[in-house]
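Engineer: Below are the structure tokens for one structure; questions will follow.
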Amino acid sequence: MGRSRGGFGTKLHIAVDGLGNPVEFILTGGQEADINQGVALIGGHDPKAVIADKSYDGDNFVAAIEAGGAMAVIPPKKNRIFKREYDKHIYKERNLAERFINRIKQFRRVATRYEKTARNFLGFVHVAAIMVLLR
């Protein structure tokens, strides 16, 4: 568990495919920035487009996406000097990831994080994801 302003906590970074099925899970401390895990989330996969929220808006990450031959669909941060264009219609598909996160949070062990170790918590996240996929 990592230390953040609210105390000890963790972040679960999830990548889903075009159907909303999970393809990658990364667990980090609560103080870890989202963009630091961006390349690891898409590594080993061949996406046509990477849809992410503003926390993944960084020149290095966008360059890594485009170097892999994919389209970066990431809205620019408010404080960005040069606003980058993105496809707003494709960006609406980001709700697939949000809906998957809400489905696994229906499992109390995932939502409240009873497990003390990251290994056990990530194991229960995988079990919850399997249960969601079996429905």
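The values are calculated or read from the model by the stated rules, or taken from the named source; none is laboratory data. Note that this is a predicted model, so its numbers are computed, not measured. Cβ placement follows ideal geometry from the backbone for every residue including glycine, while neighbour counts extend to all protein chains displayed. Heads up: the accessible areas ignore ligands, DNA and RNA and are worked out on the full protein's heavy atoms, side chains in. Shrake-Rupley method; radii C 1.70, N 1.55, O 1.52, S 1.80 Å.
Engineer: Sort out which residues of the stretch 123-135 are open to solvent by less than 70 Å² (accessible area, probe 1.4 Å) and either of a type in the set (A, V, I, L, M) or farther than 16 Å from PRO22 by Cα (or both), and write them in order of number.
Structural biologist: Of everything in the stretch 123-135, those that are open to solvent by less than 70 Å² (accessible area, probe 1.4 Å) and either of a type in the set (A, V, I, L, M) or farther than 16 Å from PRO22 by Cα (or both) turn out to be VAL125, ALA128, ALA129, VAL132.
Engineer: Considering only the stretch 103-122, I want to know if a residue exists there that is without any contact (Cβ under 8 Å) to a residue 12 or more places away in the chain, surrounded by 12 or more Cβ atoms within 10 Å (Cβ to Cβ), in a loop (DSSP other than H, G, I, E, B) and at negative phi.
Structural biologist: Yes, there is a match, as at least one residue in the stretch 103-122 is without any contact (Cβ under 8 Å) to a residue 12 or more places away in the chain, surrounded by 12 or more Cβ atoms within 10 Å (Cβ to Cβ), in a loop (DSSP other than H, G, I, E, B) and at negative phi.
Engineer: Now for a separate question. Between PHE61, PHE100, which is under 27 Å from GLY9 (Cβ atoms), within 13 Å of the chain's Cα centre (by Cα) and not β-branched (Val, Ile, Thr)?
Structural biologist: Sole residue among the options that is under 27 Å from GLY9 (Cβ atoms), within 13 Å of the chain's Cα centre (by Cα) and not β-branched (Val, Ile, Thr): PHE100.
Engineer: Kindly provide the set of residues from the stretch 72-95 that are buried (at least 16 other Cβ atoms within 10 Å of the Cβ) and not aromatic (Phe, Trp, Tyr), ordered by number.
Structural biologist: If the condition is that a residue be buried (at least 16 other Cβ atoms within 10 Å of the Cβ) and not aromatic (Phe, Trp, Tyr), then ALA72, VAL73, ILE74, PRO75, ARG94 are the ones that fit.
Engineer: Give me the residue from the stretch 25-50 that is within 22 Å of LYS105 (Cα to Cα) and open to solvent by 50 Å² or more (accessible area, probe 1.4 Å) and, out of that set, nearest to the chain's Cα centre (by Cα).
Structural biologist: GLU32
Engineer: Return yes or no: is ASP57 more than 28 Å from ARG113 (Cα to Cα) and open to solvent by less than 50 Å² (accessible area, probe 1.4 Å)?
Structural biologist: Working: more than 28 Å from ARG113 (Cα to Cα): yes; open to solvent by less than 50 Å² (accessible area, probe 1.4 Å): yes.
It is true that ASP57 is more than 28 Å from ARG113 (Cα to Cα) and open to solvent by less than 50 Å² (accessible area, probe 1.4 Å).
Engineer: Of all residues in the stretch 78-97, count the ones that are more than 17 Å from the chain's Cα centre (by Cα) and either under 18 Å from GLN37 (Cα atoms) or among the small types (Gly, Ala, Ser) (or both).
Structural biologist: Of the residues in the stretch 78-97, 0 are more than 17 Å from the chain's Cα centre (by Cα) and either under 18 Å from GLN37 (Cα atoms) or among the small types (Gly, Ala, Ser) (or both).
Engineer: Restricting attention to the stretch 13-23, report how many residues are part of a strand (DSSP E or B) and open to solvent by less than 50 Å² (accessible area, probe 1.4 Å).
Structural biologist: Matching residues across the stretch 13-23 total 5.
Engineer: Assess whether ARG99 counts as being open to solvent by 50 Å² or more (accessible area, probe 1.4 Å), assigned to a helix (DSSP H, G or I), of a type outside the set (A, V, I, L, M, F, W, C) and touching a residue at least 40 places away in the same chain (Cβ under 8 Å).
Structural biologist: The answer is yes for ARG99.
Engineer: On to the next question. Within the stretch 60-67, identify whether any single residue is crowded, with 16+ Cβ neighbours inside 10 Å, free of Cβ contacts under 8 Å to residues at least 40 places away in the same chain and within 18 Å of ARG113 (Cα to Cα), and answer yes or no.
Structural biologist: Checked against the condition, which is being crowded, with 16+ Cβ neighbours inside 10 Å, free of Cβ contacts under 8 Å to residues at least 40 places away in the same chain and within 18 Å of ARG113 (Cα to Cα), the stretch 60-67 yields no hits at all.
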